[in-house]
1. Where in the range 140-160 does the amide nitrogen come within less than 17 Å of the point 7 Å from the Cα of A129, taken along Cα to Cβ?
2. Can you run phi through the Karplus equation (6.51, -1.76, 1.60; θ = phi - 60°) for the range 7-17 and list ³J(HN,Hα) in whole Hz, with x for Gly and Pro?
3. How large is ³J(HN,Hα) for each residue in the range 280-291, as worked out from phi by the Karplus curve 6.51 cos²θ - 1.76 cosθ + 1.60 (θ = phi - 60°), to whole Hz, x for Gly and Pro?
4. R113 to R31: FRET efficiency via 1/(1 + (r/R0)^6), r the Cβ-Cβ distance, R0 25 Å, to the nearest 0.05?
5. Please report how far the C-alpha centroid of the range 1-54 lies from that of the range 216-235, rounded to the nearest whole angstrom.
6. From the residues A56, L117, Q290, which one has its Cα farthest along the dipole of the chain in the positive direction, the dipole being from +1 and -1 charges on Cβ of Lys/Arg and Asp/Glu about the Cα centre?
7. Apply 1/(1 + (r/R0)^6) to the Cβ-Cβ distance of A194 and A314, taking R0 = 22 Å, and write down the FRET efficiency to the nearest 0.05.
8. Helix 73-85: angle to the longest alpha-carbon principal axis of the chain, degrees 0 to 90, nearest 10?
Amino acid sequence: MTATQVGPLAGYTVGVTAARRADELGALLERRGAEVLHGPAIRIIPLADDSDLLAATTTLLNGPVDLAVATTGIGFRGWMEAAEGWGLGRALHDALDRAAVLARGPKAKGAVRAAGLVEAFSPESEANAEVLSHLLGLGVAGKRIAVQLHGEPLPEFTEALRSAGAEVVEIPVYRWTGPADSGPLERLIDAVLAGQVDALTFTSAPAAASVLETADRLGRLEPLLDALRGRVLVVGVGAITAGPLVRQGVPVVCPDRARIGALVRELADALPARATRLLVAGRSLELRGQAVVVDGGLRPVAPAPMALLRALAATPGRVLSRPALAGVLRRHSGRESTVDEHAVETAVGRLRSALGVPGVVQTVVKRGYRLAVTP
């Protein structure tokens, strides 16, 4: 594989926790060369079956609607479609037509217009804070306001409106619960703890909370947090999504715009930036997740040889003894007594074979091994 064929995420394994749009996210990652592990952390309750959404819609229609906030395009569209299925479509449309509808961003604006309505306000920033500021500037005392949610509550938003004297009816579009089958998520967590995942992606706060809750139930929360605070790059689609992780001290990289494509671009920039790059025996080496880019060509490396290479690369040019490297293999495998110096020699042989170029790993007689770092 030539340098022009090596994608920015080739050699990396990326975990996907999303339920909705997981296929789209996975395809974007694979297009950039990543191997994808999918462990959905949540399950979306179908709108037509959501008794809470039906109850909220019925409550809303039992009185006048002065203002309505559409926070997402897909959520607003789904709400209108569900109401139609319940026989409430015309009543909901008429109620919103009499109200002033505020759309948080262009997608919400498009959904409002597709429903035959016209938005009264939509901020350029696409920020809930600007929508809230606009509402409070209008004066909401005595007003009845519908706030369309999208998976997670907006307590600061809704409480600010209530404190200003408004009656707020929260519309819980796309509620989430735990996955119907927790097996894929548990296997993804296992893979993270085994060092087989280089980055973990999140597209909703409930998914982030579900991963932490599942790890806690399995008795693996602290090891998972250690991994996410260190060697695993964590990427969220936005600040709200990152919230449950940030509160646990996990650093989360987020794009400037809360979009799936922006998340992938951010990941494709941030993950390669963490790679170790060396000039060894006149060769350019870039250590990725489970592969090495040698002079622009991708060379897959098995986990045990890769563990040795990372240890050697941590102190370039320094000799590491066979007992020291045996310790690396023991820590990697989790076996305390079955790794000896012969296993080190075997792993070094596999590493040399995988790299495919001579002279990168040097044997220092009676001492051990080192990388032939170019001065």
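1. Residues 154-160 fall inside that zone.
2. Result, rounded to whole Hz: x, x, 10, 4, x, 10, 10, 10, x, 10, 9.
3. Whole-Hz 3J(HN,Hα) from phi for the range 280-291: 10, 6, x, 10, 8, 10, 10, 7, 9, x, 10, 7.
4. About 0.20, to the nearest 0.05.
5. For the range 1-54 versus the range 216-235, the Cα centre distance is 19 Å.
6. Checked the options; the winner is Q290.
7. After rounding to 0.05, the efficiency reads 0.65.
8. That works out to roughly 50 degrees.
Bear in mind that the values in this text are calculations on the coordinates, not laboratory data. A quick note: this is a predicted structure, and the numbers were derived from the prediction, not measured. FYI the Cβ positions are ideal-geometry reconstructions off the backbone, even for glycines, and counts take in every protein chain you see.
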